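Take a look at the structure set out below.
The values are calculated or read from the model by the stated rules, or taken from the named source; none is laboratory data. Keep in mind it's a predicted model, so treat the numbers as computed, not measured. Positions of Cβ are backbone-derived with ideal geometry, glycine not excepted, and every protein chain shown enters the neighbour counts. Side chains included, ligands, DNA and RNA excluded: accessible areas come from the protein's heavy atoms. Shrake-Rupley method; radii C 1.70, N 1.55, O 1.52, S 1.80 Å.
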Amino acid sequence: MIKCQVIMDAMEKIAPRILAEEWDNPGLLLGSPSQTINKIIICLDVNSQVVEKAITEKCDLIISHHPFIFHAIKKIRTDLPQGHLIQKLLQNNIAVFAAHTNLDSAHGGINDLLCELWNLHDVAPLDISFQEELVKLVVFVPEAHAEKVRLALGKAGAGFIGNYSHCSFVSEGTGHFLPLEGTHPFIGKIGKIAAVKEIKVETILPLKIKDRVIKAMLKAHPYEEPAYEIYPLKTNGDITGLGRIGELPEETSFVDFAAAVKASLPANNVRIVKVNDKKIKKVALCSGAGAEFIDKAKMMGADVYITGDVKYHEAQRAQDLGINLIDGGHFGTEYPIVRALSAELQTLAQENDWQIKIIYDQNARDPFETLQ
């Protein structure tokens, strides 16, 4: 039994809100952060079937990919579909949280999951929409407490460089200070200048977590008034965005690759635009509706582009550009994240002893059917 805020914090780490597109509406859409959570259901869409399942299973929280509330609501009519669902959710005290384009762009999110499905390597964002701003933190600590502070900084998220954590640099020096009346110095005496052997600890961190890291540093630091500095850096940190581009382990024919894509997705069919017989090696993709990136995929040298919701003239555009195209459907390219997100949250629940149950919507189906 935990509070909704704990789940919100976990989702912020999985899919940081800062990665969401400006037009998007992720986050807690219904309910309260202080609400008690015992059971969660993960889904692609919040619809009547999912809400009924949540009620039957006694779920307290629904986490969806698509935001249940997207556009501004000017009235809530309970005789209409959305208003009726809002009424049911409130009556049963069920909160609703969404992770949309932030989950598309996030490392380990939907697009990275598709890359794993198709065994792509040397993967990079297709459309860079976020470059993390980094800052440097410098703090001066008495020698005996330097390790404690350094570890606290790392635990709070500072010092990540690539796949290395807790990165820092330390140097020795002497700190001088004069405790004045009204102070309670950890070292030294009021009215006398103190000279203390100190360690200078330097580390980097994303600007977005600066307050959290400083709070952790102050908690671990023994001084009443720790001396520390924050510097902006010209170098950028994490780079991400919508879509991905990468390479297959070996070249394959377009038809064989399209068949493999279809087999890997929960799709009854995929649509293809075959413009040449060139072997497929470099693959670009964007989950959901990403036809806007057809030109970029071609410009970046992709042999094929995979997305969903491709329109007629967009397919013609791919023909004009000379890039093969696979439309795996909006549902087909996004539904795999439902099970994956459920598994990730289940792992976090076990690691943190949350004592909650997590299920996912296994009955979702693409609304489109194909007549043969």
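Here are the numbers:
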{"read-out": "Length released on extending from Q87 to I73, taking residue separation times 0.36 nm less the Cα-Cα span", "value": "3.6 nm"}
{"read-out": "Mean Cβ neighbour count within 10 Å, used as a protection proxy, ranking 313-326, 56-69 highest first", "value": "56-69, 313-326"}
{"read-out": "Under 12 Å, Cβ to Cβ, from E198 - net charge with Lys/Arg +1 and Asp/Glu -1", "value": "0"}
{"read-out": "Surface per residue (accessible, 1.4 Å probe) for the range 139-233, Å²", "value": "64"}
{"read-out": "Using alpha-carbon coordinates, inclination of helix 146-155 to the longest axis of the chain, degrees", "value": "20"}
{"read-out": "Per residue value of the accessible surface for the range 237-372 (all protein chains in place, 1.4 Å probe), Å²", "value": "52"}
{"read-out": "Span per principal axis, largest first, for the Cα atoms of the range 159-218 (Å)", "value": "47, 24, 14"}
{"read-out": "Contour minus Cα-Cα distance for M1 and D295 (0.36 nm per residue)", "value": "101.0 nm"}
{"read-out": "Residue-by-residue Karplus 3J(HN,Hα) for the range 161-178, coefficients 6.51, -1.76, 1.60, Hz, glycine and proline x", "value": "10, x, 9, 10, 10, 6, 6, 7, 10, 10, 9, 9, x, 10, x, 10, 7, 10"}
{"read-out": "With every protein chain in place, the range 5-96: carbon and sulfur % of accessible area (1.4 Å)", "value": "51"}
{"read-out": "Percent antiparallel among DSSP beta bridges (both partners in the chain, rounded to 5)", "value": "70"}
{"read-out": "Label-to-label distance, nm, for residues given as Q49 and E224 (7 Å Cα→Cβ offset)", "value": "6.6"}
{"read-out": "Estimated dipole of the range 43-181 in Debye, rounded to 20 [Cβ of Lys and Arg +1, of Asp and Glu -1, Cα centre]", "value": "620"}
{"read-out": "Sequence-distant residues sharing a close amide H with F186 (under 5 Å, placed H)", "value": "E224"}
{"read-out": "Percent accessible area from carbon and sulfur atoms, the range 187-344, protein chains only, probe 1.4 Å", "value": "52"}
{"read-out": "Potential lengthening between H107 and R365 on full extension [0.36 nm per residue; Cα-Cα distance subtracted]", "value": "90.3 nm"}
